[in-house]
């Protein structure tokens, strides 16, 4: 018997390690693959883009906010994996009628490591997850030592256009900005607030980061922002590196190092 609580402190019980998994969170789908659980995944969302071949080989059951409950039920899952931010409370309640639902809640790297430990216990792969945890911590510590002692850089991190939206406080993006020694000029606002370009001028960031997701900012948008804050450096960034909290963290710190090199030029 496996007894564990998810990251909302909800008790889950299983007679044995689940063998049929439905994942409704893109970063967690990638995480399952990298942990060697590919053959156990029976359902994913249309936004589960890593690894690429999954969308051709695994049943797509909808998006992250709306799913086809009948398709999920037909897959006879042993467990359904959700996330507090990605999926809705109403969705989780309905999914619980089909199978046990594990809900993650990730605001920091420490939260991500807790998720690895929970998956290690749940899927009986603790040796694998412990190795990944050790690798993430090693990469994190090496990167922090690199930026340690440097003057914090004031940044704004845009996630959407029309309306303009940024990463505020209380999310994994802001946490990773802190790890980078970036001072988020919108950290007084919670979650993902709408802002005006006038507010951007008032905050006067040294660097503006335009994320590749959820809005796909491109080169053409750099000039649009540059005209508003001519003295700031505008940089396109890979949004997955700042918001995908699973095994993507193994790639993130090398990416952050390259980003700092770009900003320093």
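FYI, it's all coordinate maths here, none of it is from the lab. Every value quoted in this text rests on a predicted model; they were computed, and no experiment measured them. Methodologically, a virtual Cβ is constructed for each residue, glycine included, from the backbone with ideal geometry; neighbour enumeration extends over all protein chains shown.
Among DSSP beta bridges lying fully in region 148-264, give the percent that are antiparallel, nearest 5. Roughly 20 percent of the beta bridges in region 148-264 run antiparallel, per DSSP.
Label separation (residue 94 vs residue 188): 4.0 nm, computed from points 7 Å beyond Cα along the C-beta direction.
Between residue 202 and residue 224, what FRET efficiency follows from the Cβ-Cβ distance if R0 is 22 Å, with the result rounded to 0.05?
Numbers: r = 18 Å, r/R0 = 0.81.
Here the calculated transfer efficiency is 0.80.
Out of all DSSP beta bridges with both ends in the chain, state the antiparallel percent to the nearest 5. Please list the in-between numbers first.
Numbers: 8 of 32 bridges.
If we restrict to bridges inside the chain, about 25 percent are antiparallel.
Would you mind classifying region 2-105 by shape? Square roots of the alpha carbon gyration tensor eigenvalues, ordered a ≥ b ≥ c; an a/c under 1.5 is rounded, otherwise it is prolate if a/b is larger than b/c and oblate if not. In terms of gyration-tensor shape, rounded. A crude spin-label estimate for the pair residue 161 and residue 68, with each label 7 Å from Cα along the Cβ direction, gives 3.4 nm.
Between 171, 130, 145, the GNM of the chain built on Cα springs shorter than 10 angstrom shows 145 fluctuating the most. According to the square roots a ≥ b ≥ c of the eigenvalues of the Cα gyration tensor, what is the shape class of region 86-157, taking rounded for a/c under 1.5, prolate for a/b larger than b/c otherwise, and oblate for the remainder? In terms of gyration-tensor shape, oblate.
Given springs between every Cα pair under 10 Å in a Gaussian network model of the chain, which of 14, 253, 186 has the largest fluctuation? Maximum among the listed residues: 14.
In this rough spin-label picture, where each label sits 7 Å from Cα along the Cβ direction, the residue 261-residue 5 distance is 4.4 nm. Entry note, region 96-236: relative contact order of 20 percent, from Cα contacts under 8 Å with a spacing of 6+ residues.
Relative to the longest principal axis of the Cα atoms of the chain, helix 109-122 runs at roughly 10 degrees.
If you run the Gaussian network model on the chain, springs between alpha carbon atoms under 10 Å, then out of 75, 210, 107 the most flexible one is 75.
For every helix of n ≥ 4 consecutive DSSP H residues, a contribution of -39,500 (n - 2.57) applies; sum these over the chain, divide by its total residues, and give [θ] at 222 nm rounded to the nearest 500 deg cm²/dmol. Present the calculation step by step, with values, prior to reporting the outcome.
On the way: 11 runs with 106 residues, N = 265.
Value at 222 nm, helices only, nearest 500: -11500 deg cm²/dmol.
Under the rule a/c < 1.5 gives rounded, and otherwise a/b versus b/c splits prolate from oblate, where does the chain land using the Cα gyration tensor? Please report the intermediate quantities before stating the final value.
Numbers: a/c = 2.23, a/b = 1.69, b/c = 1.32.
Note, shape of the chain comes out prolate.
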